[in-house]
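Below you'll find the structure, written out as structure tokens, and then a few comments.
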Amino acid sequence: YRNAVKPRPTTTTSEEIKPWLRTIYSTQVEVVTPTVIAGVTFSAKPPMTSDALHPWISLDKLGSPKTKNPEIKKGRTVNGQPDYSTYFQTVHTTMLSGAEVGAHNMDSNDIYNQEIFEDEDKTYVSLNPIIRCTPDRYRNKGLAKDVSSEPFCTPFENVEWKIDHTYFVTWFTKFFEDPATDKIAEKVRLHAFYVKEKSHEKGFGKR
Amino acid sequence: SLKGAFFSTEWVKNVDGLYAMEPTEEWLQDKYEKRILLAIQPDYITDEEFDPWAHGLLLHVIMGSRVFKNTKEQLALQDAGLSDDTWYYVALTMPTMVVVACVAMYFFLHLNKNHRDIRDVRQFAVNQKHRVLGSFKSYNKYKKLKNRPYSELPTHSKKTSKQ
């Protein structure tokens, strides 16, 4: 005997996603057109009031989006917004002598390296609601789990992608730094290759 | 090398650090599963220098889930609360058949209650029980049974001098 299945309410929104206006760099007016990919709205208009419990979008091991709702439990926020610490900031180091610093516990010819973190330009990055890839989200892969999955955060190694499903490939942007000019790559391209499986590698999959 | 790539995207902004991919059936080349390697080429590496194995990611692309589950249509039907009821009928027919049969037997027996003689059957059962020698009272299994048509036969196991 099985309970009659109650029809699940299908979520339909009557509101259409409309382009919206904003001014960037204090003078430049820009029209932003939101796009929806796999249920995720990119370049959406930010809410009028920003609250810490605003839902955000994480990715599972396949790279499928899943919504996280921050909650406050026992005075602590659970599933809070992702914290990127200083991964996306540029660091400026300046060398100061003891005389310039004027600290009481420094000699005049001591050297102090001052690091100043400059935030990145959030103009366009803030329009991406999905969690960004940072090195602390790398995984270890390989037989002995000793190879880092850099530059990828999702998908994980050896996951199974199904056809006609959308998956997000995320990578750490600062991983691609040109050794010659120390500049971060502006553009990248993704490639997919067929791999011939060795016979002893086949068959490890379940069923 | 890049010549071996069966799928390449256009040049996208690296600052996003994100790209949405959707494997299609063509990738599988009429197989159920394919093993692919995913790699990212930054703009400062030329096509000739690019080595996909340096920081590639091994994946499986499969046709669908390996365990047969309800198809989308069936799930949609279930979601709409429209589950097919054939099994109700099967579940209901069986007890109804039994009930109908019992009622028919009851009326048949009721109609034939004066034309019924099962004495031979009863006699056979009683004979079966009489095969036990000795007083039934001592056998608690037969304690309730009235064994009246037979009295116990005298047992003269020892001979007296008079005989």
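Bear in mind these aren't lab numbers, they're just calculated from the coordinates by the rules spelled out. As the structure is a computational prediction, the values presented were derived from the model and not from experiment. All Cβ positions, glycine included, derive from the backbone under ideal geometry; neighbour counts span all protein chains shown.
Some observations on this one:
- The dipole here belongs to region A:124-200: it is taken about the Cα centre, uses +1 on the Cβ of Lys and Arg and -1 on the Cβ of Asp and Glu, and is about 120 debye.
- Its Cα centre serving as origin, chain A has a Cβ charge dipole (Lys and Arg +1, Asp and Glu -1) of approximately 1860 debye.
- Out-of-range pairs (alpha-carbon distance over 24 Å; input A:K141/A:K198; A:K145/A:K196; A:K18/A:K183; A:K198/B:K31; A:K174/A:K196): A:K18/A:K183; A:K174/A:K196
- Leading residue at positive end of dipole, chain A (Cβ point charges), from A:V36, A:V188, A:S126: A:V36
- Charging the Cβ of each Asp and Glu at -1 and of each Lys and Arg at +1, and nothing else, the dipole of region A:12-81 about its Cα centre rounds to 340 debye.
- Residues B:H115, A:H165 arranged by fewest to most Cβ contacts within 10 Å: B:H115, A:H165
- Per-residue mean of C-beta atoms belonging to partner chains within 10 Å, peptide B:58-65: 6
- Cα shape, region A:21-78, gyration tensor, a/c 1.5 rule: oblate
- Across chain A, the mean sequence separation of Cα contacts (distance under 8 Å, 6 or more residues apart), normalised by length, yields a relative contact order of 15 percent.
- As a proxy for reagent exposure, ranking A:R22, B:R119, B:R35 by other Cβ atoms within 10 Å from fewest up yields B:R119, A:R22, B:R35.
- Inter-chain Cβ neighbour count for A:124-135, averaged per residue, equals 2 (cutoff 10 Å, partner chain atoms only).
- All Cα pairs of region A:1-124, percent lying beyond 16 Å: 81
- The translational diffusion coefficient of chain A, from Stokes-Einstein at 4 °C and 1.567 mPa s with a Kirkwood hydrodynamic radius over alpha carbon pairs, comes to 59 µm²/s.
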